[in-house]
Structures are given as structure tokens and as C-alpha cells.
Amino acid sequence: GQFALLLVLKTRKTNLALHELRLRALNQIRERFSPQEVAMSAEYWEQVGLMIDQTLSVRRMLFLERVPESRRLVAVKAFNCRFEDLQEAERTLDAAVFAMALAKGSPGQVANLLRGGTDPEEQYLCPLVFAGEVVGLWIAGLEPEKASAIPHLEKVLARFGEQVARLAYHKQRAAAKRSLAARLRGWLAAEKEDQTCRELSGTADLLEQ
């Protein structure tokens, strides 16, 4: 009876590992061949900034990303400015200027949120929200002439914000998937005596490569 029970448990563990490995392979295929591949890049924010600048010719930009499962914000990328140029010292969603932008739910003009500029500049604070989840904030500074030349500028910024939020959301989810894959590899490595698990571990390594 004990032998039969151990055999059933071992089979279930092996089937679970196979199932997770299959899901992991499907996720990797989907990420590699889907339009979200930019979210997997180490230069993610650099590519996002270039995409925006090619269309809007933004003078300065700063991206704040929300730390998952918290209300903290981290400055992750600055274009033509420094992280220290951000006037708001409190880097959380509860900071007054950020809370107002989130309550509004759409981009809005702000006064001198980024300091250090020598030329006239219109600055906009854009919430980055996807699937009902706040993933960050985006600050954009434009020359007044260029800002006035873009019809319905706040709506245009909102559309860009939706795309950036979608990519940032998937980037965070991709990081969580990689964490799950690391735990799976650790479990497989611990089952060195099992031939099936050794083969699965080797397959996982090949998939990672």
C-alpha cells in the first residue's frame, strides 16, 4: 500500500512538472513572437522613450514605475534630465500631485514638476494604468510651440500612456513568470535521482538558451 501511494505521489509530481514545463514553453513562444517582445528587452524604457520621441518630439521625459504590490514609485528612466530634477520628493502614489493625476485618470498639465529647464516648457503628468492596475507615471515636457501644434494633445498623450502602461504591465508579469521558472528549475535540480526529472531539467535549460 505504501509503495502504491508513493508511486501515485511520484507520478503526480512528475505530471505537475510536465504541465508547468509545457506552460512555460508556451509562454516563451508567445513572448518571443508576440508584439510584446520589447517588454522583455533590457533596454525597455529606452525603446519606449524613443518611440514616443519620434512622434511627439518631447524635450524631456521621466518615467516612474510602481513597485509591484506596493504604493512606492521608482524613477526608472530619464530623457534629457536627471532623476533629481523631479520636484516631488515623495515617490509614492499618495503624493499630492500623483494622487490628483490618478484621481483625474487622464493626462493633465502640471507646473514645474521637472525643474532645471532653461527654456519655456509645458509639462504633462500622465498616469500609466492597464487592466485597472496602476503601473507607473510618465512626465513629459514639450516646447510650447510643438505642444500647440498637436491637436487634442492630452488625448494623444492618453493613447501613448495606454500603450506604455500595457507594455509595462506585461513586462512586470514576464518578470514574475521568470521567477516561477527559476523555482521550477530548482525543484527539478533537487530530483537528480529521477531520470524523468533529469531529462526535464535538461529540456528546461535548452528552452532557456
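The values are calculated or read from the model by the stated rules, or taken from the named source; none is laboratory data. Treat the numbers as computed from the prediction; the structure is a model and nothing was measured. Methodologically, a virtual Cβ is constructed for each residue, glycine included, from the backbone with ideal geometry; neighbour enumeration extends over all protein chains shown. Heads up: the accessible areas ignore ligands, DNA and RNA and are worked out on the full protein's heavy atoms, side chains in. Shrake-Rupley method; radii C 1.70, N 1.55, O 1.52, S 1.80 Å.
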In what sequence, highest mean first, do 65-74, 159-168 appear when ranked by Cβ atoms within 10 angstrom?
159-168, 65-74
Lys171 accessible area, nearest 10 Å², 1.4 Å probe?
40 Å²
Please report the net charge: other residues with Cβ closer than 14 Å to the Cβ of Met100, K and R +1, D and E -1.
-2
Selected from Ala147, Ser106, Ala96, residue furthest toward positive end of dipole (segment 78-171; charges at beta carbon):
Ser106
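Local charge sum around Asp119 (other residues, Cβ-Cβ under 15 Å, Lys/Arg +1, Asp/Glu -1)? It would help to have the intermediate numbers written out before the result.
Values: positive: Arg59, Arg60, Arg115, Lys146; negative: Asp85, Glu121, Glu122, Glu143, Glu145.
So the surrounding residues net to -1.
In terms of the Cα gyration tensor, with a ≥ b ≥ c the square roots of its eigenvalues, is segment 69-112 rounded because a/c is under 1.5, prolate because a/b exceeds b/c, or oblate? Present the calculation step by step, with values, prior to reporting the outcome.
Values: a/c = 1.80, a/b = 1.21, b/c = 1.48.
Because a/c hits 1.5 or more and a/b fails to exceed b/c, segment 69-112 counts as oblate.
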